[in-house]
Amino acid sequence: MNWSNKLAGGRFAPAVLAFALGGLAALAFAPVGWFLLVFLSLAGLLRIIEQAGPRRAFTLGWLFGLGLFGVGVSWVYTSLHVYGGMPDWLAASAVFLFCGILALFPAVAAWATVRCSKPGLGRLLLAFPLMWTGVEWVRGWLFTGFPWLATGYAQVPDGPLAGYAPIVGVYGVSWLTALCAGALVWLARSIWLPGKWLAPFAVLLVVLGAGEALKLVEWTRPAGEPIRVALVQGNVPQEMKWRPEQAAQTLADYAAHIRAARAQLVVLPETAFPVFYRDLPPSYLAELRGLAGERGADILAGVPTGDLAGAYYNSVVSIGEAPPQFYHKHHLVAFGEFIPPGFGWIVKVLHIPLSDFARGGKDQPPMSVAGQKVAVNICYEDVFGEEIIRPLPEATLLVNVTNDAWFGESFAGWQHAQMSQMRALESGRTMLRATNTGVTAIIDHKGRVLSALPEFVTATLTGEAQGYTGMTPYARLGNAPVVLLMVLLMGVTLRRRP
């Protein structure tokens, strides 16, 4: 049998299709944002595993995941090779291995769907949404968590299911997305049967229609008047950021940005000051305090604190009208900010400065600045919804400072911003993002980007930010309702197991 006949015969066609569907699913997320693709790609995956055995379903799910993460997080190569100094062949191999490991999660979801359910509506509407959401939730915390490209993010801010986010969070939206994918398969089966298409169409109409209606609900309310903010995008090249000879120029450039800003709150990116806080010249800090005092303003700046001889932290400090306050990053990134036991050798391969930070406290209070209670999060922390809601309801405003320069000109910056949009929507709070190279943005409490700077430009984004008070259902309960739902559905699924 020649290869064309073998492909046409169907053995390889589902495998190629699964990989292609995964790649298309990545385009549902920012910056492309074709959110309808996530419904279609999941429906396609479900259709091709529906009649497969468990082992075949596992393979097809893995190929789907390889396409999804191969397209969606290929930017890891840039951080490893261009900025980490890893040889190109080794960086490419590491990225393939990384994507292959992440692809195991969709593989397990596909395997469990087939293994634990019979063909039919139970598989489409019960088993698949449960298994898909379950593995995404596990991926969000296992080995410190990597929730990147969780399905629910594709709905923010314009997808029809975005309205559910303040109630059930990103994983609840993932479950509803997978449920709609199952209903699409059901509809495709029934479309030519008189009257049979009405039930799946009704499921889609109710779920999607309710999501659109929920967008109109105001879960939180304004707290005081809007404040004037200035978000500084320093655009310091990553290869220059930590060079000692560059530090003085970087400090001078940020001082110039602050001097030019006319705002009640000025926010600088993660580790904007490339020296320890204790090593900042007293005259420099005095100048910043003077600039802030003249305008009745406060400055939030990213800076490492502590020292190399003891514990040191990835921190944000307030400078200005309010007394000095500190936030120390709690959720650290493996290999970038701490070295897991047994992996010390990797420091010799990756040229990452300050790669063994200490962990800040779990429950740090919001900062009282510019008449608001500001909950600060640093870099990767804003991808964990339950961590962002900890300071609520006290916090009235969210601020994320980050440095995504490690990932170059790729999807990473807007993917990260989309997760900030989800956090704003889940919490009913404005999110301010000050980044080194982008995406610097003002995001409203509905998850909409009100204004943003282009990536890789040196500029300051100015605008107004409204503080909010009150609690969304998700802010009160976190992921607990979705996890409880998954446990209950797991019990039902196992009772129906073939």
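Beyond a 32 Å Cα-Cα separation, which of these cross-linked pairs lie in this structure: K241/K373; K362/K446; K196/K446; K215/K373? Walk me through the numbers on the way to the answer.
Values: K241/K373 30 Å; K362/K446 26 Å; K196/K446 37 Å; K215/K373 26 Å.
Too far apart for the 32 Å limit: K196/K446.
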Could you compute the FRET efficiency for R359 and W197, with r as their C-beta to C-beta distance and R0 at 56 Å, rounded to 0.05? 0.55
Take every Cα-Cα distance within segment 32-81, group them into 5 Å bins from 0 onward, and report for each bin the whole-number percent of pairs it holds. 4, 18, 20, 22, 15, 11, 7, 2, 0
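Once you order the gyration tensor axes a ≥ b ≥ c over the Cα atoms, which shape class does segment 221-471 get: rounded for a/c under 1.5, otherwise prolate or oblate by comparing a/b with b/c?
In terms of gyration-tensor shape, rounded.
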The helix 13-26 Cα axis meets the longest alpha-carbon principal axis of the chain at an angle in degrees, between 0 and 90 and rounded to 10, of 30 degrees
As a Kirkwood estimate from alpha-carbon pairs, segment 353-435 has a hydrodynamic radius in angstrom of 13.5 Å
Neighbour-count ranking [beta-carbon atoms within 10 angstrom, fewest first] of T472, T305: T305, T472
Net dipole in debye of segment 3-218 [+1 Lys, Arg Cβ; -1 Asp, Glu Cβ; about Cα centre; nearest 20]: 880 debye
Everything considered on the Cα gyration tensor (a ≥ b ≥ c; rounded for a/c under 1.5, else prolate if a/b is larger than b/c, else oblate), segment 3-218 must be described as oblate
Ellipticity estimate at 222 nm from DSSP helix runs (n ≥ 4, -39,500 (n - 2.57)) divided over the chain, nearest 500: -13500 deg cm²/dmol
Cβ-placed point charges (K, R +1; D, E -1), dipole of the chain about Cα centre in debye, nearest 20: 2160 debye
Folded to 0 to 90 degrees: helix 412-427 orientation relative to the chain principal axis, Cα: 90 degrees
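Can you list, largest first and rounded to whole Å, the semi-axes you get for the chain by taking the square root of 5 times each eigenvalue of its Cα gyration tensor? It would help to have the intermediate numbers written out before the result.
On the way: eigenvalues 360, 141, 66 Å².
Calculated on Cα positions only, the semi-axes equal 42, 27, 18 Å.
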Quick shape check on segment 78-194: root eigenvalues a ≥ b ≥ c of the Cα gyration tensor, a/c under 1.5 is rounded, otherwise prolate if a/b tops b/c, else oblate, and it reads prolate
Measure nothing fancy, just the Cα-based angle from helix 128-139's long axis to the longest principal axis of the chain, in degrees from 0 to 90, nearest 10. 30 degrees
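Computed from the coordinates by the stated procedures, all read-outs in this text should not be read as laboratory data. Treat the numbers as computed from the prediction; the structure is a model and nothing was measured. A quick note on method: Cβ atoms are made from the backbone with ideal geometry, for glycine too, and the neighbour counts reach across all protein chains shown.
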